[in-house]
Structure formats: C-alpha cells, structure tokens
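For reference, the structure is listed below as structure tokens.
The values are calculated or read from the model by the stated rules, or taken from the named source; none is laboratory data. As the structure is a computational prediction, the values presented were derived from the model and not from experiment. Please note: Cβ atoms are built from the backbone with ideal geometry, for glycine as well, and neighbour counts cover all protein chains shown. In case anyone asks, the SASA skips ligands and DNA or RNA and just uses the protein heavy atoms, side chains included. Shrake-Rupley method; radii C 1.70, N 1.55, O 1.52, S 1.80 Å.
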Amino acid sequence: MGCGISLKKNQANKSERAIKAAVLIQRWYRSYMARMELKRQYALSIFQSIEYAEEQAQLQLSNFFTFMLDHFTQANESNPEISSHFVSIMGNYSTAGSDPAMTEYERTIEVPTSYYGPRLCFPLTVADTHVLLQAFKHRQHLHARYVLQLLHETRKVLQQMPNITHLSTSYAKEITICGDLHGKLDDLLLIFYKNGLPSEENPYIFNGDFVDRGENSVEILVILFAFLLVYPNHLHLNRGNHEDYLMNLRYGFTKEVMKKYQCHGKTILHLLQDVYSWLPLATIIDSKVLILHGGISDTTDLNFLNLFQRNKLKSVLRPPKSNTEAINDSQRTSLTGACSYVVEVKKCSHILSKEALRSTSASGDRRQYSKGEHLDNLCDRSISHPVLGVQYCKPCSVPTPYTSPELTAKEWKQVVDILWSDPKHQNGCTPNKYRGGGCYFGPDVTARLLKRYNLKMLIRSHECKQEGYEVSHNGKVVTIFSASNYYEEGSNRGAYIKLNPDLIPRFVQYQVRKSTRKQTLHQRVTTIELSALKCLREKIYTHKSELIAAFRKYDRNCTGKISPSEWVSAVESVLQLDLPWRTLRSRLVYVARDGNVQYLSSFDDFEIKLPIKEVQPSLVETLCRYKTDLEIIFNTIDRDHSGLISIDEFHQAWKLFNLHLKTDLNDESIDSLAHCIDYNKDGSIDFNEFLEAFHVVHKFEDRHSS
C-alpha cells in the first residue's frame, strides 16, 4: 500500500513539473513573440518615417521646380532650346486637342513581326484581358502602340464619369476594395487568384496609388485600364497621390516607362498625365461608405468636390497662384523672346524698388512693362508654399506657364486634403508635418463629416499597415493597403476588403513570398530589421556635418562623448524623424562603459562608394543627401534621354539648385566637381555614373548582425 501512495506522489510530482514546464515554455514563447513583434514594429516605423521624409522632400522639390521655372529663362537666355525644353517638361503636358486619334497610332506606330507579345483589338473583350494577364505573368511587355491606344480609350471612358462615383451592393451583393498596389504585379495577380477576376458579378474598387516603387507599374495600369474598358460599371478607380507626374519622377514610374518604351515613352507619359487628371476622386457605396485615397480635413466639402472640373488639376504639387501672382498671359508671346507682363499694383502689398514703379497708381491701374526694361526693377518677395508653409523668394512679375488660371486655391486644397491626409488618435485637424502635405484628422473630424453627409464609414488607403489593414476612430475609419512586402520582403501583409449589404467590412490578408518561404520567423524579422537599420544609418550619414555640429554643442571639452539623452536630442533636432531614438540608440552608436555615447561612431560603418578627393567634403555630403532630387533634375535636363548632360547644363542646374538651397558652395567647387566626374573628358557627364559615385555603402560587415 505504501508503494501505491509513493507511486501516486511521483506521478503528481511529474504532472506538476510538466505543468510548470509548459507554463515556462508558454511564457518564453510569448516573450519571444513579443520581442519579434517589437522588432518588426520599430523596423516598420523606420521605413515609414524615412518614406514620409522623402515625400516631404518631393514637395519641397516641387517648390524648387517653381523656382527654376521662374529663373531658368533668365539663366539660359544664351540657350533658349534648354529653356523651352525645361518648361515643356516641367509645365503641364497639354494633350487636349493635339493627341493623335486611335487610327493615327495605328498608322504611325508599326508593330513589327518580331513582336511576340499580346496584340489588342479595340473595343476590348474579356478574352483580351486574359491574354494580357497571361503575358504579364510571363514577363512580356505590351507594345507601345497598344499602350497608347489603351490610354486613349481609357481617357474617353473616364471623361464620362463623375468626380464621386455612387455604387450599390444590391446588384452584386459584394464589392471588393483594394488599397495601394505600387507597381507590385504579384500582389494584383494573387488578389485575382484568391478573389476572382473583375466581372459583373465580382465588382472591384481600386483606391489609388497603382504606380511607383514597384517594377511593374506599367503592367498594373494596363490590366486595370483593360478591365475598366471591358467592365466600366463594375471596375472603379480612385485617384491616389502617386497618380501625379511629379511624384512619378521621384518614385520610379517615369524611369520605368522610359526604360520599357524608349522611343514612345515621352508620348505615353504625356497622355497618361491627362488620364490621371480624369480619374474619379472618391466612391460612395450605398450612400453610407465613403472611399477615397488619403483622408479628410475639417474643411472637406463633398458637394464641392463632386462639382468642380477635376481634370484642371494635373498635379497637386503645382498649387495655383494667388491673386497677387495672377498674370495676364494673353500678352505673353514666348518665354524666351520679347514679351510683355502686366502688373496689377493694387493687389501687390510689397514695396516696389524702382522710381519707375513708384509712380504707378495704387488705385488699381494696370501698366505694361517690357521684359528687357523692367524685369530687374521688380523686387523679390517671400511666398508661403501652400503645402509646406516654407518661404521662398520669387519675382512677382515672372509668369509660370504651367499653372492653370482656372484652378482655384479652394479646389486645389480640397484635392490635396483627400489625397494626402492621414488619421490620428487625437481630436482636431493639424498640418501633416511628416508628409509635408494634407493634414492629420482626428476622430471628431471624422464624426462631423460622417454626420454631415449621413455616412457610416470612411475607407482609405495611403499608409502601409503591418497586417494590411487598420481600424481606427472607433471603427469609423478603415485603412486598407494591398501591397505586401512593401518595404522589404516580410515587412507587411497585404489585404483587401469584402463589403456586402450589411456594410460590415471583411478583411482578406495575404503575403507574396519568395525567398522568405523557407526562413524561420527569427530570420525573416532579422532581415527586415537589418534592412531598416541600414536605411536609417545611411540617412544619418548623409547629415554627418549637421549631426557632428549638433553633438559638439554638448561636448564642449571635445571628449568625443556625450550623454545618451544629449545624443537623442541632437539626432531628433537634425533628422526630424518620428522615431523611438532611445530604443534604437544601442543599434546605431557605441556606448562606452561609463554610459556615455561615442557620437562619432554613428558614422563608422559608411563611406562614399567612390570618393572624389578634389571636391570639398561639404559638397560631397550635399550630393549624397540630395541624390534623388538631383536625379530628377538631371532627367529633366536630359532632353534626348541619353543619360548624358553637358558640363554647361550640369553647371546651370547645380547653380540654380545651390541658389535654392542657399548653400555656401562656390562656383569653383561646382566646376571642379563637373570636370572630375567627366571621366572620359568628352564634355558630357553620365549622371547615372555620377549618382553611383555618391552612393553611400557599408565599409564593414554589419557589427550588429549578431
């Protein structure tokens, strides 16, 4: 009997130990998963903060384009060809009235017999959409003639659509809503595989940002436009903030088009810009669910948005002129020849600098001044950029031909807000300082707009979410993002929404996986984390001079060390990124045994790939920092898309850029740089080699990889 009791005790002890072991394992597993999730979240926050900083830089660059358009004529009077070319590229491409008809494309653009890609006949059929899908799955390209014909027909269909499309679930019973795709063809193909192709029984809404970043933006547009032509009442497209030719210059779509369609790329881009302008701005389902790309503001007026002529707005990065800047263009004969300007002194509040202008009546008299006589007499004044709030100097008399005199400031702001805004947790409406455009809108702003228009919910996109979607504002705002692996493979899932008549969204998640399929969770998260940290360190390196100056304000004794809190304060003040620097500090800089930070170690891992010793370090750092901006500018100046620009063109572009940035780099430095990067001394610069020369790279293996 004693043996039986002893046996029972042993069994009880074993069970107790097993339970304790299970609890410990569960606790360890939860802790491990929490650490992995934390790493993934802060990696995502790094990617997102850098992305928003780039978008802000793009808006600042549009400010620079305004500056260049105002000054390029005067700077290039000796070369009117460059001047007119720059204006034609950076101005609004006007295709109305000059775009060839379908038959003209067929007559002028021959499809060679050697072309083995898909061939299209218009009007398109369902069979044509299947042919396109199969061709793109096998990485074939559609011939330029068919692309142009497709864009031509798409524009005709879009022109018949309202600014805000109204749909009902009573017919198809369920509508699929997709968010940003950003050129990721595999995600679109996966959506169609899981959810079925668009049809009368399976309608879709694609909520903007079809292009940029990914490698297959052209293919995504072709597929969406083809289905739009076949099912114009069952596939619907909203405009996103990347359906904008100036955004495409920075984020890759322009380069993709020119690479795939060298001879006809410019024509495609010109026509596509007009197609963008005709995309509807929003969709409303069952009079209850509002779908738009970005968000809203406290001044969003859906009635107003539904009525204005949307195609006037070619780019939201081109704000309309205020009344004080209005110019009578009817008297302008050319940008580079003799022309007249009309100055309305009544609306000009700044002081005119010359006696000839002081005599002008302030009662609203209008006087004409010839260009040669009076351009230098007109003073500069400070203009507040409507998106950024930054100041820039602009001669009040110089016309900018790209702006539409018909577009009002209210129309422009209404569209900026719905394309660029993001929700926030706090009440109120504030400028979106991290993106540089639109606003942050709180739950109270959402509630007021929904109540005003008797709506139930707002569905928007515009932000990458780790799970592919996010619900906020007490369930009233839903963010949907359909590009998986947006920043790095494994960084996020994609998702789409199924909406039925009860208007309760059902989320379907997915993730395209290739190389990560066989990796463990730890390996996948580590890859994402290291990629994010690499991007952040590169950002830190390109601000090296500013950061060192900020660090040394705390290091008055030149010890090379500062406290961790001082390091965080310096980095925050220079980089202006919304990041948990205290958490990230240990991954970015060495901490000595005394607890202080060795701040110069922030830059240890990096160097310029091909340093040019003849050029002063400050110029090298500036070129690294603004490499993307300069690539856009050089692509603009490169008239024949050869990849080459002359030293004179480089000099003019950099001088203007230098003037805009108000840097202290002198002409000798620029000349020295230009001749140094003219490697074969033929008077031309291959700016792809130039940009590669200023690429930031790791000097050593990542010291944190362990």
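Starting from residues that are open to solvent by 40 Å² or more (accessible area, probe 1.4 Å) and either of a type in the set (Phe, Trp, Tyr) or touching a helix residue (DSSP H, G or I) at 6+ places or on another chain (Cβ under 6 Å) (or both), keep the ones in the range 24-50 and report whichever is nearest to Leu588 (Cα to Cα).
By that ranking, first place goes to Lys39.
Being assigned to a loop (DSSP other than H, G, I, E, B) and under 24 Å from the mean Cα position of the chain (by Cα) is the filter; apply it to the range 450-463 and report the residue that is surrounded by the most Cβ atoms within 10 Å (Cβ to Cβ).
Ser461
Restricting to helices (runs of 4 or more DSSP H) lying wholly in the range 624-680: which have 3 or more residues that are surrounded by fewer than 16 Cβ atoms within 10 Å (Cβ to Cβ) and at pLDDT below 70?
Here the list reads 647-661.
For Leu407, which of the numbered conditions (1) modelled with pLDDT of 95 or more; (2) among the aliphatic types (A, V, I, L, M); (3) assigned to a loop (DSSP other than H, G, I, E, B); (4) open to solvent by 10 Å² or more (accessible area, probe 1.4 Å) fails to hold?
With (1) modelled with pLDDT of 95 or more; (2) among the aliphatic types (A, V, I, L, M); (3) assigned to a loop (DSSP other than H, G, I, E, B); (4) open to solvent by 10 Å² or more (accessible area, probe 1.4 Å) applied to Leu407, the lone miss is (1).
I need the full set of residues from the range 251-269 which are within 13 Å of the chain's Cα centre (by Cα) and buried (at least 21 other Cβ atoms within 10 Å of the Cβ), in order please.
If the condition is that a residue be within 13 Å of the chain's Cα centre (by Cα) and buried (at least 21 other Cβ atoms within 10 Å of the Cβ), then Tyr251, Phe253, Thr254 are the ones that fit.
Output the number of residues of the range 413-449 satisfying the condition of being without any contact (Cβ under 8 Å) to a residue 60 or more places away in the chain and open to solvent by less than 10 Å² (accessible area, probe 1.4 Å).
2
Condition check: over 30 Å from Phe206 (Cα atoms), in a helix (DSSP H, G or I), open to solvent by less than 20 Å² (accessible area, probe 1.4 Å) and in contact (Cβ under 8 Å) with a residue 60 or more places away in the chain. Does Ile528 satisfy that?
No, not satisfied.
Within the range 582-601, count every residue that is of a type in the set (D, E, K, R) and open to solvent by 70 Å² or more (accessible area, probe 1.4 Å).
3
Is it the case that the range 294-307 has a residue that's modelled with pLDDT under 50, under 31 Å from the mean Cα position of the chain (by Cα) and open to solvent by less than 60 Å² (accessible area, probe 1.4 Å)?
Taking every residue of the range 294-307 in turn, none turns out to be modelled with pLDDT under 50, under 31 Å from the mean Cα position of the chain (by Cα) and open to solvent by less than 60 Å² (accessible area, probe 1.4 Å).
Please work out which residue is most open to solvent (accessible area, probe 1.4 Å), limiting yourself to the range 542-563 and to residues that are in a helix (DSSP H, G or I) and either aliphatic (A, V, I, L, M) or within 15 Å of Arg585 (Cα to Cα) (or both).
Ala549
Identify all residues within the range 494-521 that are assigned to a strand (DSSP E or B), under 28 Å from Lys534 (Cα atoms) and open to solvent by less than 10 Å² (accessible area, probe 1.4 Å); write none if there are none.
Selection gives Gly494, Ala495.
In the set Ser491, Ser472, which member is open to solvent by less than 10 Å² (accessible area, probe 1.4 Å), in contact (Cβ under 8 Å) with a residue 40 or more places away in the chain, under 30 Å from Met457 (Cβ atoms) and of a type outside the set (Lys, Arg)? So that I can check it myself, show each step before the final result.
Numbers: Ser472 fails: open to solvent by less than 10 Å² (accessible area, probe 1.4 Å).
Answer to the check: Ser491.
Filter the range 274-293 for residues that are farther than 23 Å from Gln58 by Cβ and polar (S, T, N, Q); which is surrounded by the most Cβ atoms within 10 Å (Cβ to Cβ)?
Thr283
Among the residues of the range 52-59, are any farther than 30 Å from Tyr486 by Cβ, surrounded by 10 or more Cβ atoms within 10 Å (Cβ to Cβ) and modelled with pLDDT under 75? Reasoning before the result, please.
Residues of the range 52-59 farther than 30 Å from Tyr486 by Cβ: none.
No, because not a single residue in the range 52-59 is farther than 30 Å from Tyr486 by Cβ, surrounded by 10 or more Cβ atoms within 10 Å (Cβ to Cβ) and modelled with pLDDT under 75.
Please work out if Ser199 is of a type in the set (Ser, Thr, Tyr) and open to solvent by 20 Å² or more (accessible area, probe 1.4 Å).
Criteria met by Ser199.
Residues Ser199, Ser217: which one is at pLDDT 95 or above, more than 25 Å from the chain's Cα centre (by Cα) and not hydrophobic (A, V, I, L, M, F, W, C)?
Values: Ser217 fails: more than 25 Å from the chain's Cα centre (by Cα).
Exactly one of Ser199, Ser217 is at pLDDT 95 or above, more than 25 Å from the chain's Cα centre (by Cα) and not hydrophobic (A, V, I, L, M, F, W, C), namely Ser199.
Restricting to the range 464-480, name every residue that is part of a loop (DSSP other than H, G, I, E, B), at negative phi and not charged (D, E, K, R).
Cys464, Gln466
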